[in-house]
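The values are calculated or read from the model by the stated rules, or taken from the named source; none is laboratory data. From a predicted model like this one, the values you see are computed outputs, not experimental measurements. Positions of Cβ are backbone-derived with ideal geometry, glycine not excepted, and every protein chain shown enters the neighbour counts.
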Amino acid sequence: MLRSWFAQRSQRVTLLPYTRRCCSHDPLPMVSIAAIQGSGMQGAKTVKLRGRVAVCRVRGKLAFIQLRQPPLYSIQIVTVGEEASRRAKELTPESIVDVTGVIERAERPVTSVTCSNYEVHASSIEVVSLAATPLPFPLSDKSTKLDTRLNYRCIDMRTALTTATMHLLSAAVQCFRTDLLSRGFLEIHTPKIINAASEGGSAVFSLDYFGRRAFLAQSPQLFKQ
């Protein structure tokens, strides 16, 4: 059944197994949006980049795809032709694709992406992983309830707000770590799961750990002593 489903989908979009793409020796360089945005590669030879489909808009024979790479880089992909437009309609949000094309300077800045001065005129788009639809919630929806975000944390981690927050926290921790290490401090990692509740009350999180009851450490006080 699964093979039949893939056969039907391959008639409409170019499906490419992820393992095959990773193991193949492709002579084209895989570039990042950050490199394009930072140095500008206009007029360069044909390049390839991988990312997630954020938005796909089809207008006649033209298709405009916003491609996103972590942490918050994005660029516009342009395809031309009836067949290319038809296949672009099959792309679902958050699908991972490999785009092959030539980088050109945009006629006018594309304000909806971070790399606003350049765009990629695609000659081929290969699907690495086609995302299921519909998504639990739109990534651009800032009013999504917290319970929904936590239930689909892997999706929530891709939103701009959560991504920016995580990078900010990472940078802050790195600054503290660098300063303390330069002063001769020793970094340790205390256990996160212990065999006894470290705090009183009924709100202690417990779990079955290979047949034994374990508790989530709520405080490093036990290990400070």
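Is there a residue in the stretch 76-94 that is touching an Asp or Glu at 6+ places or on another chain (Cβ under 6 Å), acidic (Asp, Glu) and in contact (Cβ under 8 Å) with a residue 24 or more places away in the chain? No, the stretch 76-94 has no match at all. Within the stretch 55-84, if we keep just the residues that are more than 20 Å from the chain's Cα centre (by Cα), small (Gly, Ala, Ser) and buried (at least 17 other Cβ atoms within 10 Å of the Cβ), the residue that is modelled with the highest pLDDT turns out to be ALA63.
Each row is one residue, and each column tells you yes or no for (1) at pLDDT 90 or above; (2) surrounded by 12 or more Cβ atoms within 10 Å (Cβ to Cβ); (3) under 28 Å from SER95 (Cα atoms).
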position: ALA131; (1), (2), (3): yes, yes, yes
position: LYS142; (1), (2), (3): no, no, yes
position: ILE194; (1), (2), (3): no, yes, no
position: LEU222; (1), (2), (3): no, yes, no
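Counting only helices (runs of 4 or more DSSP H) that sit completely within the stretch 123-196, those holding 1 or more residues that are touching a residue at least 60 places away in the same chain (Cβ under 8 Å) and not assigned by the TED database to the domain that holds LYS45 correspond to 153-156, 160-182.
Checked against the criterion of being under 27 Å from ASP156 (Cα atoms) and in a helix (DSSP H, G or I), the stretch 82-91 has at least one qualifying residue. In the stretch 103-118, the qualifying residues are those that are within 16 Å of ALA63 (Cβ to Cβ) and surrounded by fewer than 17 Cβ atoms within 10 Å (Cβ to Cβ), and the one that is nearest to the chain's Cα centre (by Cα) is SER112.
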